[in-house]
Every structure is written in C-alpha cells, then in structure tokens.
Amino acid sequence: MIRINDIHKSYFINGKRTRVLKGITTHIKRGEKVVVIGPSGSGKSTFLRCLNLLEPPTSGQILFEGEDITSNKCDINKTRRKIGMVFQKFNLFPHLTVKQNIMLAPVHLKLKSPAEAEIEAVDLLKKVGLEKKINNYPNQLSGGQQQRIAIIRALAVHPEVMLFDEPTSALDPEMVGEVLNVMRELASTGMTMFVVTHEMNFAKEIATRILFINEGSIIEDKPPMEFFTQPTHCRVKEFLSKVWLSSR
Amino acid sequence: MKIFCKTVVTFFAVFTFSVFCTVYTFADAQSSIAKIKSDGFITMSTSAPFEPFEYLENNVLKGVDIDIAQKVADKLSVKLKVNNVSIDSLTFELKNSFCDFVCAGLSETPERAKNLDFSEPYFETSQAIVIAKDSAIKNSKDLEGKVVGVQIGTTADIYCSEDKNILKVVRFDKHVDAVQDLMAGQIDAVIVDDFAADKLVNLNKDKIHKLDEELTSESYSIAVKKGNHELLSIINDVIKEIKENGELDKIISKHYSINHSTSDKFVEYSGYIAEGLKNTLLMSLCAAIIGIILGIIIASIKVFSKGNKKLKIFSFLADTYITIIRGTPALIQLFIMYYGILGSFKVSNIVAAILAFGINSGAYVAEHVRAGIQSVDYGQMEAGRSLGLSQNTTLIKIILPQALKNILPSLAGEAITLLKETSVAGFIGIVDLSRAGDIIKSMSYEALRPLSIVAGIYLILVVGLTSLLKKFEKRLNK
Ligand SMILES: Nc1ncnc2c1ncn2[C@@H]1O[C@H](COP(=O)(O)OP(=O)(O)O)[C@@H](O)[C@H]1O
Ligand SMILES: [Mg+2]
C-alpha cells in the first residue's frame, strides 16, 4: 500500500546540515499495524510526517498505491484524504465545536452534504462514547476526550490508513486507556495503522510488525513476539530494558 | 499555492476595475459643447468661502459666481455641477478636465494665462489693506518692513510676493484666518479683495478697518481650459447679456446685502457638523473594510511566501508596499492618490480618500494580521492539511479566525487611528468632521467652541468604538 524507497531528510539550521532520516526503506501493506519504536530524537515523528508530506523528504520516493506522492504531479490534498493523522497534541480546532471539528473536512471537501456529515459525526461520537459533547468546545474537554475526538475527526474523511504520532504521550496516565481502546477497536475493523508509541504492551498486543528507529535508520524490523524476545541489535536490547523497567 | 496566487491576482484586477468603475467620465482632450450637452451637465469649480462670490448657506453653495455659472448652464440647457476645492487646485482642476470652467473670483495674471483662457471681466475690484484699529499704518508705503497676511494663491499673494519692501508674507488657507491673526496681533496687515475687505471689516468694526487706498485694480473673469474657445465664447455671450440687461447688478447686490441672523447660523453650523460626521464615518468605515481585506491578503502573502522561491516576487511586493505606506505621511499618500494616480479621472474626492485611507490602513493591518497568524500554533495548519484541506481553506477556515481573535485589540487600535487619520481629508476639499470645525471657526470667528465640540464628537466615537469592540471580544472569548 505504501512503499517507502530510501528516503532521506535533512534540516538546515544556520547553514549547518542535520541529517534526521538516513535512508529508510520499507513497505506498509494493507491491513498491517506497524508500530514504530525508538529513542526520542531518533526521527520517528519526522518519518511519520514524511508519509503524508507534512515534511517533504529531501530525497527518496514514497509510493502510495503505486503513485509517487513526492512528485509535483501528485495532488497531495487528495492523497492526504486517504491518510488520516493523529497528533501528540490533538490539534483540535479550538474555535469550533466538536461537531464542527468533525464535519469541517467532509463538508468542505464536498464528500458529504452537511446533513449527512452531521449524521455521521453523531455516529462516530457514539462509537467513542462522546455523543453528549457534540456541542462543546475543545477546551471544555479532557485530554483523553480531545484525543478521541481527534481520531474520529480523521476518520470522518474515510482514510485508508491512519498515522498516530505518540497519541497518548500528552495524556495523564488515567486517560491513556480510553484512547488506546479506541485504537484497538479501530485495529479490529481492519484499518491499516502506523503508530509511533512508547506503550510497549499496546504495541505487543496490536502490532503485526515493529520497527525500531535509531539515529534515522531502521535497525530492527520484526513481528512483535520476535522483537521483544530476540532483538538482534544491542541498542534495541538496551532500549527495551530501560522502558520495561520504567513501566513497571 | 497556485490558487492563492490566482486569488491575489484576481483581487488586484477587481480592485483596479472598481477604481475604473468609480470614474464616471474619462478625461477628454477638450470638453466640447457637444460632450457637455450629451452628458446633460456642465461642471464648474470654485473655492468657497469667498463672500459674496461663493459661500455656503445651510450647506448649499451660493454666491455671485454660482449664479453666473447657472446662467451659463441655462444658456446650454444643461444642469450645473459645482466642485468646491481649495483655491490652489483650481488651475489643476481645469488642466485635468475635472471641470469645464472655473468661476471663483479669479483675475487674469500672466502666470494663470499660461494655462488658462479668461473671459471678459464680470466684476471690477481692487485690493484693499485691512489693519487693526490702533495701527500706525496709513498707506501702502507703511507696509515696508511689516508682516502681511494674504490668502494663498490670490492676487494679493502675488502682489505681496513681488513687493520686496514687505518683511514677510504669511499665507493663509482662508482670508478669515488672516483676519483672526490680525486681530490677535500676530501680523500687521491683511491684503484682500476690496469686496471681501468690506465684509470682514463689517463683522469686526470695533477691531479692524480698511484703508482707502486701492492697491491694484483688477477684474474678475471666468477661466476655461487653454484653447477651449467654443465654451469661452458662450461664456462671453452670457456675461455680455447679463451686463446689458442688468441681471449682473441684481445678482451682485443680492449677495452683497445678505446677512446671516444668529439663529440661521446655528442651523447652518450644525449642518456642517452633520455633514462632517457623515463623511468621517463613511470614510472610516469603507477604508476599514478595504484595510482589513488588503491587510489579510498581504499578511497571508508574507507568511506563506516565506521560503518559497516561486513566490519571492509577491513577498517582495508586499514588503515594498508595507515599507512605502508606513514610511510616508498619510496626507501625502492622499494627495498622490487624488491628484496623481486618480488625477486624470473624474473620481470624486471621497472615493479617492477612501482608497487612500484603505490602502494606508491595509499596511498596518497586515503587520497585525501577520503577527496574529504567527501566534496560532503551527499544529493547526498541519491538522488542517492532514485532513486534505488546501492551504487556502485551512488559512481561511482555521488559522484566520483564531488569528483575528488574538489580534482584535490591536485591530481596534488601528480602527481608532484610522478614524482620527481621516481628519486630513479636508485637504482635498472633503468636509469631514475636522474640516467642519475649521469652517465653523472661520465663519464664526471663534475657535475654542466649535473645535471643542468637534473634539468631543471624536472622543465619543472613539470611546464608543472601544467599548463596542470590548463587548465583541468578550462574546468571542465565551
Ligand atoms: N522542523 C525541524 N527543524 C529542525 N530540526 C528538526 C525539525 N524537526 C525535527 N528536527 C530534528 O530532527 C530530529 C528528529 O526529530 P523527531 O523526528 O521529532 O524525533 P522523534 O519523534 O523520534 O523524537 C531531532 O533532533 C529534531 O531536533
Ligand atoms: Mg516525536
């Protein structure tokens, strides 16, 4: 579904080049749940953001269903509809109500009439148990509630793949569960998912494949059982021992 | 981004087009009689107040010149339109076909004759010296080493400028201002048309008087654009006719004998204030709308062309615009707009003022909006784009509403600045609130009261506007 061919990404700060991604190649198949793990600053977010071109890669190719989305000929707005994204900090639109947040894109992109979009918004809200909050503003909601809204806002344009960038990192611990539940549910519908997270148990549970990124390269690419029991790379072993310790 | 560029280009196209639409007639090489007849009106420019030739009564222009001009219009069986402009723009008005003829108590001078053609005189007069009651000045020889006041651009101005014995010539916008300074002891004498001198002395009998000596004898004529012989001969016919049948004498004595009663004055003054308030509000409101739209567009260009090579030129243009507007006085921008850019079209001065103030305000609004856009978390843009919304849509639907809310206080400040800035509109002949105060000042020979009233109205407007915006802000923050 998404083929990533040797992408590189560098930032230039004050004329100095920082290489963040150093040649990443992988293939995300339809229905897969790929979980990305790695130390902070290793380039996980950058990688994820390259997939919908929020960050254009410096070189390399990204093929979405065979179409090179890095080429100028590609209508990136159309492609982005097929790639939902959930941010660490939710990024709900604070000046709009929950309902307006969900309806904005489908109505504006003319995917649905306002009436249809509203019916679907209510439906989606029911699925995550937030139908009572339909007319609230984001700042009247808890972090966990906001993140659940952010997920269904992305789902309202019917994406084919969902990207999650540390969706629970900004949450208080007691709210992590409710967001992960929504993601579990989504996984069970067969959605293709690409998740950056530090929730190891969750990764173990839903992942079909785990990528470990270190200093801008994938150094481990394994199914979860193998990844956690027999990692090959010593950086991975080191990392895992630290996270398991801290999460106990 | 392509759509964005298109929007910008479309905006400028529409903008230019609307400017052209406000132009009701293009400037012609000659204002031929045929053209006037097909238009159905003839335009005369004058400069009031210059009693009894042109003055405002209950906000209507009256006077000898207006009546004569009406005779000319009657002769051609067309309507008369009158432009009231400052005296030093009369030649400009004719040269650029803002009007067909000028009837403003003008006398023929070699300088004026270079650009204009003059009719037969319709009035003979001389320049008189007006001095304070206790002055030692007895005749024109005593003016040596003295400070003399004149109305700018008049024959008196030309006379005094050539007289090397006079120590200093102070040029006033209106001769009444000169008389005010004379009574205040700021200047030693005022040189003014004999006719006006009588009028002025009459109003201030206890303080000033007129010397018997006639300085220069001169005559008033109607002026047309150089070479417009067709119209000139018709005007000459009219003058000859009304001289012969005695109508001219009647007109002159009618206006000379008019004396306003006090109660009339009150009505008249409030008429000026009302007119001024209307124009001030109209200009401020329209300019604010232009300013906001322009400001948002310019700010968006600046924010989104950053780091994009293809849009460098737009960014450069936006920067240039902001630098020029913020680096020059609004009054000069207004002059350039009215006399320069729109000079060759017959655009009404109020339209020119609205455009000038709107464009001026746009530069300031742009800087506020830019700060506002940058104050919105970049995650908002990313969230919008990740949903498949275009950059424009995200900007309009998501970023701008938040940005505008953040900068509402500074926009309110901008609106207040704009409201007060429109006070320079008087310089291109618009009776705005400030000019209304100025006119009343020169008509009533009193400064403090009318100007305090005008200041009070500005204050009420500003305080009202501020509290209105505060309420609006509170509602937004709910
Ligand atoms: N917009 C940017 N400009 C400059 N450097 C950046 C930018 N975004 C990320 N980086 C740098 O790239 C590196 C990887 O960042 P990121 O992908 O966010 O890491 P992770 O998500 O794995 O913690 C970091 O060193 C970060 O400082
Ligand atoms: Mg990150």
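Just so you know, all these numbers are worked out from the coordinates, no wet-lab data involved. Keep in mind that this is a model prediction, so the values were computed, not measured. Neighbour counts run over all protein chains shown; Cβ positions are idealised from the backbone, glycine included.
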For the stretch A:97-154, what relative contact order do you get, as a whole percent, if you take Cα pairs closer than 8 Å and at least 6 residues apart? 47
Whichever aspartates and glutamates have a C-alpha closer than 14 Å to that of B:LYS164, once near sequence neighbours (fewer than 8 apart) are set aside: B:ASP142, B:GLU144
Over the protein assembly as shown, the sum of -39500 (n - 2.57) across DSSP H runs of at least four, divided by residue number and rounded to 500 deg cm²/dmol, gives at 222 nm -16000 deg cm²/dmol
Descending principal axes extents, the stretch A:2-247, alpha-carbon based, whole Å: 53, 46, 38
Per-residue Cβ contact counts at 10 Å, fewest first, order B:VAL169, A:VAL36 as B:VAL169, A:VAL36
Do the alpha carbons of any pairs in A:LYS29/B:LYS397; A:LYS33/A:LYS132; B:LYS35/B:LYS174; B:LYS207/B:LYS240; B:LYS114/B:LYS174; B:LYS35/B:LYS278 sit beyond 29 Å of each other, and which pairs? A:LYS29/B:LYS397; A:LYS33/A:LYS132; B:LYS35/B:LYS174; B:LYS207/B:LYS240; B:LYS35/B:LYS278
Hydrodynamic radius (Kirkwood) for the protein assembly as shown, which is based on Cα pairs only, to one decimal in Å: 31.8
For the stretch A:169-221, the Debye formula with one identical point scatterer on each Cα and no solvent gives log10 I(q)/I(0) at q = 0.26 Å⁻¹ as -1.12
If we count other beta carbons within 10 Å of each Cβ, what is the order of B:TYR256, B:TYR339, fewest first? B:TYR256, B:TYR339
Using 0.36 nm per residue of separation minus the Cα-Cα distance, give me the extension gain between B:GLU144 and B:SER77 in nm, one decimal. 19.0 nm
Summarise the partner chain shielding of A:106-119 as one whole number: the mean count of Cβ atoms from other chains within 10 Å of each residue's Cβ. 1
Sum up the charges of everything whose Cβ sits under 12 Å from the Cβ of A:ARG184, counting Lys and Arg as +1 and Asp and Glu as -1, but leave A:ARG184 out. -3
Using the Cβ atoms and a cut-off under 13 Å, what net charge is assigned to the surroundings of A:THR168, where Lys and Arg are +1 and Asp and Glu are -1? -3
Extension length gain for B:LYS405 and B:LEU281 (0.36 nm per residue less Cα distance), in nm, is 42.2 nm
Among bridges DSSP assigns within chain B, what percent are antiparallel (round to 5)? 60
Least to most buried among B:ASP173, A:ASP172 (fewest other Cβ within 10 Å first): A:ASP172, B:ASP173
With r as the distance between the Cβ atoms of A:HIS158 and A:GLU238 and R0 = 51 Å, compute the FRET efficiency 1/(1 + (r/R0)^6) and round to 0.05. 0.80
As a test, work out the antiparallel percent of DSSP beta bridges whose residues both lie in the stretch A:2-247, rounded to the nearest 5. 55
Please report the antiparallel percentage of the DSSP beta bridges confined to the protein assembly as shown, to the nearest 5. 60
Can you run phi through the Karplus equation (6.51, -1.76, 1.60; θ = phi - 60°) for the stretch B:430-436 and list ³J(HN,Hα) in whole Hz, with x for Gly and Pro? 8, 8, 8, 4, 5, 5, 4
From the phi of every residue in the stretch B:193-200, what ³J(HN,Hα) in whole Hz does the Karplus formula 6.51 cos²θ - 1.76 cosθ + 1.60 yield, where θ is phi - 60° and glycine or proline is x? 3, 3, 4, 5, 4, 4, 4, 5
Can you tell me the relative contact order of chain A? Whole percent, Cα pairs under 8 Å, sequence separation 6 or more. 26
Please report the net charge: other residues with Cβ closer than 12 Å to the Cβ of B:ALA436, K and R +1, D and E -1. -1
For the stretch B:365-478, calculate the relative contact order in percent as a whole number, restricting contacts to Cα pairs under 8 Å that are 6 or more residues apart. 23
Partner shielding of B:376-383, taken as the mean number of other chain Cβ atoms within 10 Å, equals 5
Express the C-alpha Rg of chain B as a ratio against the empirical globular expectation 2.2 N^0.38 Å, rounded to two decimals. 1.17
Skipping prolines and chain starts, which residues have an amide H placed within reach, meaning under 5 Å, of the one on B:ILE166, given they are 5 or more residues away or on another chain? B:GLY145
Most mobile listed residue (A:SER169, A:SER188, A:SER42) in chain A, GNM with C-alpha springs under 10 Å: A:SER188
Contour minus end-to-end for B:THR323 and B:THR109, with contour as 0.36 nm per residue of separation and end-to-end as the Cα-Cα distance? 72.8 nm
